[in-house]
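K.L.:
Let me begin by handing over the structure; questions about it come next.
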Amino acid sequence: MRVAVGEVFDVAVDLRRNSPTFGQWAGTMLSAENKRLPWVPEGFAHGFLVLSESSDFLYKTTNYYVPEHERCVVWNDPAVNIRWPLTGKPMLAAKDIAGKHLQDAEVFG
């Protein structure tokens, strides 16, 4: 994935139950200027916070998007403790509002 316009804070959370890094997250700034191209492997949740007025975010995926297979961990789960670069509450999509805490989320074996 990459950001073609604007800037985002991009996060991946390990949802592989048997992984030594289960529940841990990594985050990085992506922008049109820095041209970073991170890869998020299967078994990880992925989310981002748009930091600019708007952004164009481009993905390459390993398979076609199937909405009924999507999972969501709530953005502010204290068990994951993502340090989002924001003050106040973000504007969320309905699916993000319905996210589950890590302890209740469907994870990978």
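Rule-based calculations on the coordinates, nothing more; no lab input. All values reported here derive from a predicted model rather than from experimental measurement. Using ideal geometry, Cβ is built from the backbone for each residue, glycine included, and neighbour counts are taken over all protein chains shown.
K.L.:
Taking 8 Å as the Cα distance limit and 6 or more residues as the minimum spacing, I'd like the relative contact order of the range 2-104 as a percentage.
P.N.:
Values: 155 pairs, mean separation 31.4, N = 103.
So the answer I get is 30 percent.
K.L.:
From the P(r) of the range 2-104, could you give the percentage of C-alpha pairs in the tail past 15 Å?
P.N.:
65
K.L.:
Evaluate the charge dipole of the range 2-104 about its Cα centre and quote only its size in Debye, nearest 20, assuming +1 on the Cβ of each Lys and Arg and -1 on the Cβ of each Asp and Glu.
P.N.:
Numbers: 11 positive and 12 negative charges, 42 e Å.
Here the range 2-104 has a charge dipole of around 200 debye.
K.L.:
May I pose another question? So what's the back-of-envelope 222 nm ellipticity for the chain, counting only DSSP H runs of four-plus at -39500 (n - 2.57) apiece and dividing by all residues, rounded to 500?
P.N.:
Counting only the DSSP helices, I get -500 deg cm²/dmol.
K.L.:
If each residue's Cβ is checked for other Cβ atoms within 10 Å, how do Arg16, Arg83 rank with the fewest at the top?
P.N.:
If I rank by nearby Cβ atoms, fewest first, I get Arg83, Arg16.
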